[in-house]
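Q: So that we are looking at the same thing, I have put the structure below in structure tokens.
Derivation of every value follows stated rules applied to the coordinates shown; laboratory data play no part. Keep in mind that this is a model prediction, so the values were computed, not measured. Note: ideal-geometry Cβ built from the backbone for every residue, glycine included; neighbour counts use all protein chains shown.
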Amino acid sequence: MDVTVNKLSPLGTEIAGADVETLLNDERIPGKVLSLLEESGVLVFSQLGLDDAQQAAFSRSLGETVKKDQKGWSKEFPDIFNIAMDADRKAGAYMKGTFAWHIDGMTLEIPSKATVLTGRVLSDAPGEGNTEFASTYAAYDRLSDEEKDRFADLKVWHSLEVTYKRDNPNGSVEDLARARAEPPKLQPLVWTHHTGRKSLVIGTTAATIEGMDDDEGAAFLADLLERSTRPEYVYSHTWSVGDMVIWDNRGVLHRALPYAEDSGREMHRCTIMGDEPIQ
Ligand SMILES: [Fe+2]
């Protein structure tokens, strides 16, 4: 296969011209993809054009996938979730939460390892609906030595309720109840991975710091998030139909740039389960 590999700036690797049959059938591919993902944070397979069966098969080759029998999830391939701001108000409220920088699964025992996203229908307004990424490994590495010492033992409360109230001051009682159903979780601020690399665990779900008053903790976390996601540290992916983007959820923050509810934008997502608690 005539594959071109380009380093993206400031993070990520683009793979153009990949052959779908080889990706699905060559048993060396999953190991190569996972190690390139660990190294790059984000992999962009340009205009690969996978269908649901191929996306599910490829995702399963990378690890155990999250499967659900719920609204929005494919009946035929229960590991495929359809991200669309459709007429469903509940889904719309949830999707708007993805416009803020976050790491998936921060209130879970073990956050997911990776996400495999394919672009199916795009918003035609320029820049709308881009997906953006910032490395939390690089964010940790940029801290001063004094900060690395001071942050080593800090713990962060991640709360969907606090996040929801902050992002939706006029939100409905029903949506607030949904956010409240997920109990807050205390996580270390610095994640020391099994590889020995360290990353920051921040984002919109990070509500406050254990032992600080709420306003002080929120201001501390807002500053850290701002410093971690400055434009020069962000890769912003402008989608083409058929693109497949994979990101390492353990080491990058991500967000979607806002898009109109009636844009028709549709993405199909698979989630690879994590195997490493934050510690
Ligand atoms: Fe997400």
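Q: Which residue, Tyr164, Val252, Thr115, has the largest displacement toward the positive end of the dipole of the chain when charges sit on each Cβ (Lys, Arg +1; Asp, Glu -1)?
A: Tyr164
Q: Further, regarding this structure: Given a Förster distance of 25 Å, report the FRET efficiency between Lys75 and Val20 from their Cβ-Cβ distance, rounded to the nearest 0.05.
A: 0.60
Q: On to the next question. Asn6 to Arg150: FRET efficiency via 1/(1 + (r/R0)^6), r the Cβ-Cβ distance, R0 45 Å, to the nearest 0.05?
A: 0.75
Q: How long are the semi-axes of the equivalent ellipsoid of the chain, taking √(5λ) for every eigenvalue λ of the Cα gyration tensor, in whole Å from largest down?
A: Semi-axes (√(5λ), whole Å): 29, 23, 17.
Q: Could you name the lysines whose alpha carbon sits less than 22 Å from that of Lys165, not counting residues in the same chain fewer than 8 places away?
A: Lys90, Lys96, Lys155, Lys185
Q: Which of Lys198, Lys113, Lys71 ends up with the largest GNM mean-square fluctuation for the chain, with Cα atoms connected below 10 Å?
A: Fluctuation is largest for Lys71.
Q: How about segment 1-62: which GluC sites (Glu not before Pro) there are in a DSSP loop, with at most 14 other Cβ atoms within 10 Å of their Cβ?
A: Glu27
Q: Treat the count of other C-beta atoms within 10 Å as a stand-in for reagent exposure and order Ile110, Ile29 from fewest to most.
A: By the 10 Å Cβ count, ascending, the order reads Ile110, Ile29.
Q: Something else now. For Lys67, which lysines qualify as cross-link partners when the Cα separation must be under 16 Å and same-chain residues fewer than eight apart are set aside?
A: Lys75, Lys113
Q: Can you pull out the GluC sites (Glu not before Pro) in segment 98-156 whose DSSP state is coil and whose Cβ has at most 13 other Cβ atoms within 10 Å?
A: Glu109
Q: Calculate the FRET efficiency for Asp223 and Glu39 from the Cβ-Cβ distance with a Förster distance of 45 Å, rounded to the nearest 0.05.
A: According to the calculation, E is roughly 0.95.
Q: Within straight cross-link reach of Lys32, meaning Cα distance under 18 Å, which aspartates and glutamates are found once same-chain residues fewer than 8 apart are removed?
A: Correct list for Lys32: Asp2, Glu14, Asp19, Glu21, Glu64, Asp248.
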